[in-house]
1. Which Rg and Dmax, in Å, describe the Cα atoms of the chain?
2. Kirkwood Rh, Cα Rg: Rg to Rh for the range 2-72?
3. Report the net charge of residues surrounding K97, where surrounding means a beta-carbon distance below 13 angstrom and charges are Lys +1, Arg +1, Asp -1, Glu -1.
4. For the range 34-80, just the Cα set please: Rg and Dmax, both in angstrom.
5. Quick one: angle between helix 75-145 and the longest Cα principal axis of the chain, in degrees between 0 and 90, rounded to 10, please.
6. Rounded, prolate or oblate: which fits the range 84-161, taking a ≥ b ≥ c as square roots of the Cα gyration tensor eigenvalues, rounded meaning a/c under 1.5, else prolate when a/b beats b/c?
7. List the aspartates and glutamates whose Cα lies under 19 Å from the Cα of K107, skipping any in the same chain that are fewer than 8 positions away.
8. Using the per-residue mean of other Cβ atoms lying within 10 Å as a proxy for protection, in what order, highest first, do the peptides 121-128, 36-43, 147-154 fall?
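Read-outs throughout are calculated quantities, based only on the coordinates presented, and are distinct from any laboratory measurement. What you see is a predicted model, and the numbers here were worked out from it, not measured in a lab. Positions of Cβ are backbone-derived with ideal geometry, glycine not excepted, and every protein chain shown enters the neighbour counts.
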Amino acid sequence: MKAYDAHYRLTSPSQQIQSCVFDAVRSTVPTMNLDAAFASKNDIAVSVHNQLMKCMSDYGYEISSTLITEFSPDDKVKWSMNEIYACKRLKEATVEKAEAEKIRLMKNAEGEAEGRYLSGLGTARQRKALAQSFQISLDDFEDELDISFEDVRNVLLLRWVH
């Protein structure tokens, strides 16, 4: 019976199959965004297969499988997708460039802070050495001249002031 139905009930099977495929695609693809449609060709193929089975089994046809080999949107859609992709990449590049600049500025600031810290340590050591030297000089004055610490200090302070 199936061979009879396939031969006599349908005058143009390829047109009917094409029509069913277009209907199946039109009912499945609009529920997805374009990226999802490209990613889920197998889901679309399963949907087309199921709808073809319903449509063509009445005419004696049995569909064993469906395969989507190419998915080609309109040229305007392709151009738009390329623009979106380019803009996303440009945005990512801008973010990465800003991150690199941030890291560079932070490293410069850290280096400057470390330099100031080390400079401060050097100044502190220098002052400590001067104070120690000054103390040694005062001790020498006291020992050699037999004068008091306060007198030596006053003489040195008067000399520095004038």
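1. Spelled out, the Cα radius of gyration and Dmax of the chain are 45.0, 138 Å.
2. 1.04
3. Local charge sum for K97: 0.
4. Every Cα atom of the range 34-80 included, Rg and Dmax give 13.7, 43 Å.
5. 10 degrees
6. Cα axes put the range 84-161 in the prolate bin.
7. By straight Cα distance, K107 reaches E96, E99.
8. By packing density, highest mean first, the sequence is 36-43, 147-154, 121-128.
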